[in-house]
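Please read the structure below before turning to the comments.
The values are calculated or read from the model by the stated rules, or taken from the named source; none is laboratory data. Keep in mind that what you see is a predicted model, and the values were worked out from it rather than measured. Counting neighbours? That spans all protein chains shown, and the Cβs are built from the backbone with ideal geometry, glycine included.
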Amino acid sequence: MKAGERVAVKSIALYVDTERPETAAAAKAVARMASELGVSLHLPPAQASTLQVEGAVTASYPGSADLLITLGGDGTLLRAAHVAGDVPVIGVDFGRMGFLTQVERKDFERVLQRLIREGFQTEDRTALQARLLGSNRHFFALNDIFLDRSHHGNLMTLAISISGQQVADIPADGIVVASPTGSTAYFLSAGGPILAPGLDAFGIAPINPHTLFSRPLVVSASETIQIAVPKDERGAHVYVDGKLETDVSPGSVIEIARAERPVKFVRLDKRHFFTMLERKLHWGASIKRTLE
């Protein structure tokens, strides 16, 4: 399946935030829709049991699904992206920010019915993969990978190399490497620029650097980034898409590169990203109008 090709839908998968009461009703509505339209429905076993959705396929999730629908917030979509494989993803917004999710909850039945009946096009999103050198630990991220000092009483000086060339030693609280999709998340809070989702690039931003000149950096996604934790400090925590994945000891090196596979998003509206920038982040909006 290539980006831009129209995908016909014969099978759908659901990934649901089961902690939200409203998503349970939405999941059952999607199950009824699937039955009426003659498409099979896949659910993770634990979610199928919690939601009590009858007739759902739970083996080899997401199996042969043509479309993965998330019901929840941006965090739900991020978790689903880790298991989606080559299955295109679209999210229905039941969260607070709703930046990655594209479908408003009030419209979800109409929009999903149209996608199932008419098919859809996709767009590729560059993702990250990281590994802890000297170990078999590997990590996949749609948004970002963040190193945070394990001891918050002191800064740590991180050595940063790009494609084998050391470029900086930065004293900071930590560092975040983000994909274009993740540039509107923690990377933005760290002072990084917003990257359009179609870019094949990474953003690198130090967290609270103790220097006047350590600005965020954008590099090609063909580069390989290595971040070395100082040998004379207490180590660091590694967060992947906002989740603490592992602690790393002093002297460890994390290597970050473009993931072998992109994450496929359903393309509803080519201007969705820029619309969300204005609506959610007030990009380009008047300060006076924003505060009214």
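Screening the candidates Arg131, Arg117, Arg149 for the property of being out of contact with any strand residue (DSSP E or B) (no Cβ under 7 Å at 6 or more places or on another chain), touching a residue at least 60 places away in the same chain (Cβ under 8 Å) and basic (Lys, Arg) yields one hit, Arg117.
In region 97-114, how many are without any contact (Cβ under 8 Å) to a residue 40 or more places away in the chain and outside any loop (DSSP other than H, G, I, E, B)? Residues in region 97-114 being without any contact (Cβ under 8 Å) to a residue 40 or more places away in the chain and outside any loop (DSSP other than H, G, I, E, B): 5 in total. Here Ser163 passes the criteria (1) loosely packed, with under 15 Cβ neighbours inside 10 Å; (2) modelled with pLDDT under 95; (3) under 29 Å from Ser222 (Cα atoms) except the one numbered (2).
Filtering region 81-96 to residues that are in a strand (DSSP E or B) and of a type in the set (A, V, I, L, M) leaves Val89, Ile90, Val92. On the stretch given as region 30-84, residues that are β-branched (Val, Ile, Thr) and touching a His at 6+ places or on another chain (Cβ under 8 Å) total 2. Within region 195-233, the set of residues being assigned to a loop (DSSP other than H, G, I, E, B) and surrounded by 16 or more Cβ atoms within 10 Å (Cβ to Cβ) comprises Leu195, Pro197, Leu199, Pro209, Ser214, Pro216, Ala221, Glu223, Val229, Pro230, Glu233.
Only residues that are in contact (Cβ under 8 Å) with a residue 40 or more places away in the chain, crowded, with 17+ Cβ neighbours inside 10 Å, assigned to a strand (DSSP E or B) and of a type outside the set (Gly, Ala, Ser) were counted in region 166-194, giving 3. Only one entry in Ala59, Ala46, Ala31, Ala25 is part of a helix (DSSP H, G or I) and closer than 26 Å to Leu142 by Cα, namely Ala46.
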